[in-house]
Structure formats: C-alpha cells, structure tokens
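Q: One structure follows; several queries about it will come next.
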Amino acid sequence: MKDKLAKGVLWLGAAKVVINLLALISTLLLARLLTPEDFGLVALATTMLTIVSSVTELSLASALIHHKDPTDAHFHTAWTLNLSRAVIVGIFFCAAAPIAATFYHEPRLLNLMLALGASVMITGFNNPKTVMLTRNLVFWQEFAMTVSQKLAGFIVGISIAILYKSYWALVGGAIASQMVGIIVSYVIIPFRPKFVFIHARELFSFSIWLTLAQIINTLNYKFDYLLIGYYLGRPALGYYSVGDNLAVMPTREITGPIEKTFFPAFTHIANDKERLKTAYRAAQTLVSTIALPAGIGCALIAHPLVLLSMEAKWLPAV
C-alpha cells in the first residue's frame, strides 16, 4: 500500500504543480486585465453559492469510498441524489438572485447568480464512478481530469478577459472547467447512469456527518466574504479575495496531494485502531511540517510578489 500511496502522491503532486502554475498565471493575468471590483463582484456571488452548496452537500463520494463493496446500484443512487440536489440548489440560487441583488444594491448580481445557478445544475451530471480511482489508490486518471479541467478554464477565462475585459471571464472559465471535467470523467470511466434511489438511506447514514462538518468549515472560511462585500464594498472584497487566494495557494496545493491519499488509505486500516492512530499522527505531522514553512514563506514575500506581478493598484491585497 505504501508504494500505491507514493505513486498517488506523485501523480497528484504533478497535477497540483500544473494546476498551481496555471492558477497563478491566470490570477496574475486576470488581475492585470480586470479590476478589483470585478473580482469582488464575482467573489460575492461565488461565496453565496459556496455556502448554499455546502449546506446541501451530500458527501456521497466519501461514502462510496468508505463502503466495503459498492455496487452499480450504489453509483446509480449517488448519481441520482447528486443530480436531484444540483437541480434544487440551482433553482433556489436563481430564485434568490433578485433578492441578493437588492440586498447588496448591485444589479449585476442578478445575471451573475443566474449563470452560476445554471452551472450548479451542470455539476449534477458528474460521474460518481470516478471515486473508484481514489478508492483503489489509482491517481493518474485524476491527473488527466484535473489538468484538462484547469486548462480549459484557463483558456476560456483568459480569452474572455482579453476580448471583453469583463468579470464574465471569471465565470466563463469556471463553467468551462466544470463541463470539460464531466466529459473527461465519462471518457476515462464509462458509466451510463440511471435514476435509482434504492441505497439513498444507506449512503446518507455515513455522509450526513461529513455534510455537517462541511457546513461548519464553509461558514468559518467564507462568511467574512459576505460581511466585507456588504460593509466595505466590492473593490475591498476584490483585494481580499485575491490576497486570500494567493495566500492559501502554497499550503493548499502542496499539502493537497498528500491529504487526498490519506482518506482512502485510512479506510484500509480502519479496523486496526492502534495502527490508525499511529498513521493519523504521522500524517498530521507531515502536513504540518510542510504547511507551516510554506505559509510563513508566502507571508514574507507577499509585498514584492504583488508589486512585481500585479502592479501597484493591487497593493491592498498584500
């Protein structure tokens, strides 16, 4: 299993390097082409969507990974539940668009939220069988999926920004990324979904706890965006969102590949409590050892990084 984990970390690490590089280049280019208010406007809409999505998140992928022997019926059920949730969330978000636009005194939020609501419905078609790659500690296919997603989002986002210099570049890139990810997932792992609810209660019994944790984490990390957007305005939120994104990028992208291999690995030793305790402590030590210097290093170079790469107009992001 150690060999599989090592290979998994290498594949995910390679994916993260490519994704991180594209994300950094994309952020720097878009920062030059767009304004802080553009970033703030989109950050406000996406934050609301993130909170709504987390409250309704089913965490079915983790339930399937944890399941001892998932059948096709389990995957059909997961697909059905995810699609149903996506449609409900999308409709709710679209319905809330006029209210949000009025509350924040920002008419542009209306069309923006309508587009994001439609994008949520698109994610409902995600291929649930891709979790088998993680479950079996096989990650090269995930490399192909994640890199193709990010590349599509990068190309579409930058193209719209160059042509129109509009905040729609941020939204268009995200939607393109979602669509390409879904298409590639079905190419890599063919799956013909059916509407099935037979295992819904079984999957919910595990995923409900992860959903509650997700709600708390999302409110903890995103609620400040809503407050800043309302009290300080969109430009301030733009500085804050870009600064926040750049700040967490090193720790998130460096530790992400390692953390993603932990959960499926832990499921293999879940019945051996002492071994699980030891593995968890070792994993936490490894993540902390990497994340701490990466975060401090990012803080130390924040000023010259922003000044050299995004011009003086973005200095508040430091």
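Q: Can you run down the residue pairs with Cβ atoms below 7 Å, 6 or more apart or on separate chains, where the first is in segment 191-205 and within 13 Å of Pro128 (Cβ to Cβ) and of a type outside the set (Gly, Ala, Ser) and the partner is open to solvent by less than 100 Å² (accessible area, probe 1.4 Å) and at pLDDT below 80?
A: Every condition considered, the pairs that remain are Leu203/Leu60; Leu203/Ala63.
Q: Just to be sure before I move on: is Ala96 at pLDDT 95 or above, of a type in the set (A, V, I, L, M) and surrounded by fewer than 18 Cβ atoms within 10 Å (Cβ to Cβ) in the structure I sent?
A: Numbers: at pLDDT 95 or above: yes; of a type in the set (A, V, I, L, M): yes; surrounded by fewer than 18 Cβ atoms within 10 Å (Cβ to Cβ): yes.
Considered against the rule, which asks whether it is at pLDDT 95 or above, of a type in the set (A, V, I, L, M) and surrounded by fewer than 18 Cβ atoms within 10 Å (Cβ to Cβ), Ala96 comes out as yes.
Q: Can you tell me which residue among Ser119, Ser54 is assigned to a helix (DSSP H, G or I), among the small types (Gly, Ala, Ser), within 16 Å of the chain's Cα centre (by Cα) and modelled with pLDDT of 85 or more?
A: Ser119 is the lone residue from the list that is assigned to a helix (DSSP H, G or I), among the small types (Gly, Ala, Ser), within 16 Å of the chain's Cα centre (by Cα) and modelled with pLDDT of 85 or more.
Q: Would you confirm whether any residue within segment 70-81 is surrounded by fewer than 20 Cβ atoms within 10 Å (Cβ to Cβ) and in contact with a Ser or Thr (Cβ under 7 Å, 6 or more places away or on another chain)?
A: No, segment 70-81 contains no residue that is surrounded by fewer than 20 Cβ atoms within 10 Å (Cβ to Cβ) and in contact with a Ser or Thr (Cβ under 7 Å, 6 or more places away or on another chain).
Q: OK, next. Is one or more of the residues making up segment 42-56 buried (at least 21 other Cβ atoms within 10 Å of the Cβ), of a type in the set (Val, Ile, Thr) and within 15 Å of Val196 (Cα to Cα)?
A: The answer is no, given that none of the residues of segment 42-56 is buried (at least 21 other Cβ atoms within 10 Å of the Cβ), of a type in the set (Val, Ile, Thr) and within 15 Å of Val196 (Cα to Cα).
Q: Hey, among the residues in segment 259-306 that are touching a residue at least 60 places away in the same chain (Cβ under 8 Å) and polar (S, T, N, Q), which one's most open to solvent (accessible area, probe 1.4 Å)?
A: Thr267
Q: Still on this structure: Have a look at Phe125, Phe93 and point out the one that is of a type in the set (Phe, Trp, Tyr) and assigned to a helix (DSSP H, G or I).
A: Phe93
Q: Follow-up question, since we're still on this one. State whether the residues of segment 34-42 include one that is without any contact (Cβ under 8 Å) to a residue 60 or more places away in the chain, hydrophobic (A, V, I, L, M, F, W, C) and within 29 Å of Leu212 (Cα to Cα). Break it down stepwise before answering.
A: First pass over segment 34-42, keeping only residues without any contact (Cβ under 8 Å) to a residue 60 or more places away in the chain: none.
No; the residues of segment 34-42 include none that is without any contact (Cβ under 8 Å) to a residue 60 or more places away in the chain, hydrophobic (A, V, I, L, M, F, W, C) and within 29 Å of Leu212 (Cα to Cα).
Q: Which of the residues spanning segment 206-243 are free of Cβ contacts under 8 Å to residues at least 24 places away in the same chain and open to solvent by less than 50 Å² (accessible area, probe 1.4 Å)?
A: Ala213, Asp224, Ile228
The values are calculated or read from the model by the stated rules, or taken from the named source; none is laboratory data. Nothing here was measured: the structure is a model prediction, and the numbers come from that model. Note: ideal-geometry Cβ built from the backbone for every residue, glycine included; neighbour counts use all protein chains shown. Surface accessibility is based on the protein's heavy atoms, side chains included, excluding ligands, DNA and RNA. Shrake-Rupley method; radii C 1.70, N 1.55, O 1.52, S 1.80 Å.
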